[in-house]
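Q: Attaching a single structure in structure tokens format; questions to follow.
The values are calculated or read from the model by the stated rules, or taken from the named source; none is laboratory data. Model, not experiment: these values are computed from the prediction. All Cβ positions, glycine included, derive from the backbone under ideal geometry; neighbour counts span all protein chains shown.
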Amino acid sequence: MSRRLAVASLCGALLAASATSESAAADLAETARFLAGKGVASDSSLAEHAQTQSYAEYAEQIGSGWKQFQQPNLERMRDWWTDHAPAKYSTVFYPFSGPDIGNALAFFPDADSYLMFGLEPPGAIPDLQAMEEEAISSGLNELKASLSSILQVNYFFTKAMEKKLGKGSFNSTSGLLLFFLAMSDCEVTGARRVAIDQRGALVPGTVADDSMSGRSRSRIPGVEITFRRNGRKEQTIRYFMVNVADAYLAKRSPDFIPYLESQRRFVTMIKSASYLMHKEGIQEPAHFEQIRSLILSHSDYVVQDDSGVPLRLFARDTWKLQFHGRYEAPTPEFGKHLQKDLKVEMQRNSTGKLPFSYGYAYKQGESNLMTAERVQ
């Protein structure tokens, strides 16, 4: 083959790959909008599915549920946060997040990347274009069931999530991330399976990673999703399935903390974290000291409710602390994690009631936040 023909062949292959990539991105963007009940373009491969009665009912129910609580709550959160957000940030770390990218986008809309993890598997990236109508209708019902709690109280019930989230496409973590991105007016531009290997490096993932997770020294499965908002820069979400209790990290996922450390500095947000980082001592052996220490050492800014890192661990010569909202005691199921020092600070120094719901105390005027800005 002549050099001219070889170059022409290579250019043709590159153009074809680009076209395929653009087509795949368009399919993902349409899939996200479809899952969010926002319909699709008339020339979309999903257009016929979007015209069915079952989809119309799904879209109406999802839209109504979103507008009733989640949308106004996120809007109030964004408005209030304008006066409290850090001046700059690049990477947002959201531990124990599950698929809740919506709240992270409300607080930190312009981050370059979002690092998230939970106990739920990433699951399949939705491929609705290859599905029949019956499978789509069934999947939408599963997705609607998975969303029931966050659309009402702005957090996922962990035990319920373990039952409702599956490894399929609609109600997987990946599917829910696409849903929240579309609901937040973001355009999905790409998605792929990823994993953290035994060198602590990010590598392409496989379907087998989900089932291997939890075994001795296995790869950590994840999903990477890229998106844009209003045509601006491309942003990245990386979600990983991992148990960060110290014992599990040591035996099964020792590469996770080194990977997080390689991401350098970040801002951290914590919400509805089951008070896991409060646990210490003989009676509560599921220690979470490693992830707690990482947050305190690598964060330049922390925003959290009372379920996050205990107040006593924020050294006053290192952090500038501010207190917002109302705090008397944790909700009854977490009553043993009362922080007396936090209660005193909230009573003396709170900036006032929060106009939005955040964390377990979700009723209007009951939520609390603490912000911590590193000063040295």
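Q: Would you confirm, using the coordinates I've provided, whether Arg264 is surrounded by fewer than 17 Cβ atoms within 10 Å (Cβ to Cβ), basic (Lys, Arg) and touching a residue at least 40 places away in the same chain (Cβ under 8 Å)?
A: On the way: surrounded by fewer than 17 Cβ atoms within 10 Å (Cβ to Cβ): yes; basic (Lys, Arg): yes; touching a residue at least 40 places away in the same chain (Cβ under 8 Å): yes.
Criteria met by Arg264.
Q: Just one of (1) free of Cβ contacts under 8 Å to residues at least 40 places away in the same chain; (2) in contact with a strand residue (DSSP E or B) (Cβ under 8 Å, 6 or more places away or on another chain) trips up Gly37, so point out which.
A: Status for Gly37: all satisfied but (2).
Q: Filter the range 219-242 for residues that are surrounded by 17 or more Cβ atoms within 10 Å (Cβ to Cβ) and polar (S, T, N, Q); which is nearest to Ala191 (Cα to Cα)? I'd like the intermediate steps shown before the answer.
A: Residues of the range 219-242 surrounded by 17 or more Cβ atoms within 10 Å (Cβ to Cβ): 219-227, 235, 237-242.
If we keep only those that are polar (S, T, N, Q) too, we end up with 226, 235.
Numbers: Thr226: 6, Gln235: 12 Å.
Among those residues, the one meeting the criterion is Thr226.
Q: Continuing with the same structure: Taking Asp317 as meeting all but one of (1) surrounded by 15 or more Cβ atoms within 10 Å (Cβ to Cβ); (2) more than 18 Å from Ser272 (Cβ to Cβ); (3) at pLDDT 95 or above; (4) of a type outside the set (S, T, N, Q), write down the number of the exception.
A: So Asp317 meets the others, but not (1).
Q: Yes or no: the range 359-376 includes at least one residue that is under 30 Å from Pro254 (Cβ atoms) and either out of contact with any strand residue (DSSP E or B) (no Cβ under 9 Å at 6 or more places or on another chain) or at pLDDT 95 or above (or both). Working first, answer last.
A: Taking the range 359-376 first, the residues under 30 Å from Pro254 (Cβ atoms) are 372, 374.
In the following step, the residues that additionally are either out of contact with any strand residue (DSSP E or B) (no Cβ under 9 Å at 6 or more places or on another chain) or at pLDDT 95 or above (or both) were identified as 372, 374.
Checking the range 359-376: at least one residue is under 30 Å from Pro254 (Cβ atoms) and either out of contact with any strand residue (DSSP E or B) (no Cβ under 9 Å at 6 or more places or on another chain) or at pLDDT 95 or above (or both).
Q: When residues of the range 17-62 are filtered for being farther than 20 Å from Glu132 by Cβ, more than 23 Å from the chain's Cα centre (by Cα) and in a loop (DSSP other than H, G, I, E, B), how many remain?
A: Adding up the residues that qualify gives 3.
Q: Limited to the range 83-110, what total is found for residues that are more than 11 Å from the chain's Cα centre (by Cα), surrounded by 20 or more Cβ atoms within 10 Å (Cβ to Cβ) and assigned to a loop (DSSP other than H, G, I, E, B)?
A: Of the residues in that region, 1 qualify.
Q: Can you find even one residue in the range 277-292 that is among the hydrophobic types (A, V, I, L, M, F, W, C) and under 20 Å from Ala85 (Cα atoms)?
A: Step one: of the range 277-292, the residues among the hydrophobic types (A, V, I, L, M, F, W, C) are 277, 282, 286, 288, 291.
With under 20 Å from Ala85 (Cα atoms) added as a condition, the list becomes none.
There is no residue in the range 277-292 that is among the hydrophobic types (A, V, I, L, M, F, W, C) and under 20 Å from Ala85 (Cα atoms).
Q: Pairs only if they're at least six apart or on different chains, beta carbon under 8 angstrom, first in the range 332-352 and over 11 Å from Asn368 (Cα atoms), second surrounded by fewer than 10 Cβ atoms within 10 Å (Cβ to Cβ) and not acidic (Asp, Glu); list them, first residue then second.
A: If the second residue must be surrounded by fewer than 10 Cβ atoms within 10 Å (Cβ to Cβ) and not acidic (Asp, Glu), no pairs are left.
Q: State the number of residues belonging to the range 340-369 that are among the basic types (Lys, Arg) and either outside any loop (DSSP other than H, G, I, E, B) or farther than 20 Å from Trp80 by Cα (or both). Show your work before the answer.
A: Start the filter on the range 340-369 by keeping residues that are among the basic types (Lys, Arg), which leaves 340, 343, 348, 353, 363.
Subsequent filtering for residues that are either outside any loop (DSSP other than H, G, I, E, B) or farther than 20 Å from Trp80 by Cα (or both) retains 340, 343, 348.
Count: 3.
Q: Please list, ordered by first then second residue, the pairs with beta carbon atoms under 6 Å, 6 or more apart or interchain, first in the range 110-121 and closer than 12 Å to Leu260 by Cα, second not β-branched (Val, Ile, Thr) and not in a loop (DSSP other than H, G, I, E, B).
A: Sorted first by the residue in the range 110-121, then by its partner, the pairs are Tyr114/Ala104; Leu115/Phe93; Leu115/Arg238; Met116/Tyr94; Met116/Tyr239; Phe117/Phe240.
Q: Considering Ser272, Ser307, which residue is touching a His at 6+ places or on another chain (Cβ under 9 Å), within 30 Å of Lys353 (Cβ to Cβ) and part of a loop (DSSP other than H, G, I, E, B)?
A: On the way: Ser272 fails: touching a His at 6+ places or on another chain (Cβ under 9 Å).
Just one listed residue meets the conditions, Ser307.
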